[in-house]
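Every number in this text was worked out from the coordinates using simple rules, so none of it is lab data. In this text, all values refer to a predicted model and were calculated from it rather than measured experimentally. All Cβ positions, even for glycine, are placed from backbone atoms using ideal geometry, and neighbour counts span all protein chains on display.
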Amino acid sequence: MDRHHRHSIRIPGYDYSQAGAYFVTIVSHNRENLFGIIHDGEMILNPFGEIIVEEWIKTPAVRPNVELGEYIIMPNHVHGILVFVDDIVGATRRVTPTNTTTLQSGSLGAVIGQFKSIVTKRINGWHNVTGRPVWQRNYYEHIIRNERDLQNKTDYIEANPMLWDDDDENPINIQP
């Protein structure tokens, strides 16, 4: 698909700023192993992985309506559960003439975008460069619908380092 004509992977009409839990996956640019290594089924973070942890755990302090669930930094991606505890007071939805929704302040997309931006700036600052991509465009999200779904996603996150050899995001498993 032409990169300039991509379609949103979000559910049309769904309000991603409403209270609820979301499982997200954010992948590094070109699936590069930028954030550390897996050794004996355990994730060992490098300084870039530490930056990610620092910024991830700041999320509730910066956005009081967001709580953190389980999360894991992997060599080339992040899995995490974000829980929006309240609807955002005063947030407005902007609608384009074609009736598609644009990014809303305080929404899941805005939170992920801000997170990716600050991590990118900090990692690029480490290299003393600007504009070098750290993340792939977009992110994967799954709306957590019930306690069983939440437990399944939590278990998946906790087991992820032990499953790295078979992980779809592991570059050794990507077919050219």
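With the highest mean first, a sort of the peptides 73-83, 152-162, 114-124 on other beta-carbon atoms found within 10 angstrom per residue produces 73-83, 114-124, 152-162.
Distance distribution P(r), the range 21-87, all Cα-Cα pairs, bin width 10 angstrom from 0: 21, 49, 25, 5, 0 percent. Listed by chain and number, the lysines whose alpha-carbon sits under 23 Å from that of residue 153, ignoring those within fewer than 8 places in the same chain, are 58, 116.
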